[in-house]
Amino acid sequence: MTALAQKMIAEVLQPGDFAIDATVGNGLDTFFLADQVGPHGHVIGFDIQEIAHHRTNLILGEAGLLTRVKLVQTGHENLAESLPETWHGQVKAVMFNLGYLPRGDKTIITVPETTVPALETAARCLCHGGRMCVVIYPGHTGGEKEAEAVQQWAENLPSMDYDLELLVSPKANDTAPRLLVVTRR
Ligand SMILES: C[S@@+](CC[C@H](N)C(=O)[O-])C[C@H]1O[C@@H](n2cnc3c(N)ncnc32)[C@H](O)[C@@H]1O
């Protein structure tokens, strides 16, 4: 699902664009976004954990991508206040990868109380043709509740403004990861 999320984002994200990684983690999506937007584009990444920032700084630094990325150690629920004014309504891509940090503390997880407000703000920040991908993991403790809240939020988006896709493997059971794709018309 993470590879599919990057593929869906690559369909819309162009050099020079603005992009957001709402859950930086180990930096794989931040790296992907930074590579896609090129030297004239910009990425802002959010994570609450210092270890996530440390690991991501390392991989971006090694690849010479740090100048196009700003990492913010705060929750994505503070997205609106943390974005420059010029980004509002101009963001081409947003990535959320929910759950816990791989190779990290598995008790620190994304939660619906902050995820849903962040999704709402992020959807409003998208430009026309902009896309948000949300990888959802119902399989861990707390994940099912978050998956339900996220899907409920998505169902309530105005269909005249946003296209929705929920991608699940045909062989998936109820706890399998899934990908929500929200594209602003
Ligand atoms: C599944 S990991 C992200 C993996 C990442 N996309 C990657 O490519 O490595 C989820 C991340 O969300 C972070 N997180 C949890 N609550 C958050 C919040 N309120 N705001 C931003 N990040 C949060 C966790 O610290 C964790 O690093």
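The values are calculated or read from the model by the stated rules, or taken from the named source; none is laboratory data. What you see is a predicted model, and the numbers here were worked out from it, not measured in a lab. Neighbour counts are summed over all protein chains in view; Cβ atoms, including those assigned to glycine, are modelled from backbone coordinates with ideal geometry.
Could you say whether any residue in the range 85-92 is within 13 Å of the ligand (Cβ to nearest atom) and either closer than 17 Å to Arg55 by Cβ or more than 16 Å from the chain's Cα centre (by Cα) (or both)? Checking the range 85-92: not a single residue is within 13 Å of the ligand (Cβ to nearest atom) and either closer than 17 Å to Arg55 by Cβ or more than 16 Å from the chain's Cα centre (by Cα) (or both). Under the condition of being near the ligand (Cβ under 10 Å from one of its atoms), surrounded by fewer than 22 Cβ atoms within 10 Å (Cβ to Cβ) and within 24 Å of Thr56 (Cβ to Cβ), the residues counted in the range 107-134 number 5. Criterion first (charged (D, E, K, R) and within 20 Å of Gln49 (Cβ to Cβ)) does Lys106 satisfy it? For Lys106, the condition - charged (D, E, K, R) and within 20 Å of Gln49 (Cβ to Cβ) - is met.
Working only within the range 52-79, note down all residues that are more than 20 Å from Ile9 (Cα to Cα) and within 12 Å of the ligand (Cβ to nearest atom). Result: Ala52, His53, His54, Arg55, Ile59, Val72, Gln73, Thr74, Gly75, Glu77, Asn78. In the range 18-32, what residues are under 17 Å from Leu98 (Cβ atoms) and in a strand (DSSP E or B)? If the condition is that a residue be under 17 Å from Leu98 (Cβ atoms) and in a strand (DSSP E or B), then Ile20, Asp21 are the ones that fit. In summary, Lys92 fulfils each of the numbered conditions (1) touching a strand residue (DSSP E or B) at 6+ places or on another chain (Cβ under 6 Å); (2) modelled with pLDDT under 95; (3) not aliphatic (A, V, I, L, M) with the single exception of condition (2). Residues of the range 33-51 include at least one that is part of a helix (DSSP H, G or I), within 14 Å of the ligand (Cβ to nearest atom), of a type in the set (Val, Ile, Thr) and surrounded by fewer than 23 Cβ atoms within 10 Å (Cβ to Cβ). For first residues located in the range 136-155 and more than 20 Å from Lys106 (Cβ to Cβ), partners that are loosely packed, with under 15 Cβ neighbours inside 10 Å and lie 6+ apart or on another chain with Cβ distances below 6 Å form the pairs Ala154/Leu164. Within the range 78-93, residues that are exposed (fewer than 13 other Cβ atoms within 10 Å of the Cβ) reach partners that are not in a loop (DSSP other than H, G, I, E, B) with beta carbons closer than 7 Å, at six or more positions or on different chains, in the pairs Gly89/Cys125; Gly89/Cys127. The residues on offer are Glu113, Glu120, Glu165, Glu148, and the sole one that is among the acidic types (Asp, Glu) and over 26 Å from Leu83 (Cβ atoms) is Glu148. Would you pick out the residues in the range 52-66 that are among the aliphatic types (A, V, I, L, M) and in a helix (DSSP H, G or I)? The answer is Ala52, Leu58, Ile59, Leu60, Leu66.
Scanning the range 99-126 for residues that are on the phi > 0 side of the Ramachandran plot and either of a type in the set (A, V, I, L, M) or more than 14 Å from the chain's Cα centre (by Cα) (or both) turns up just one, Arg103.
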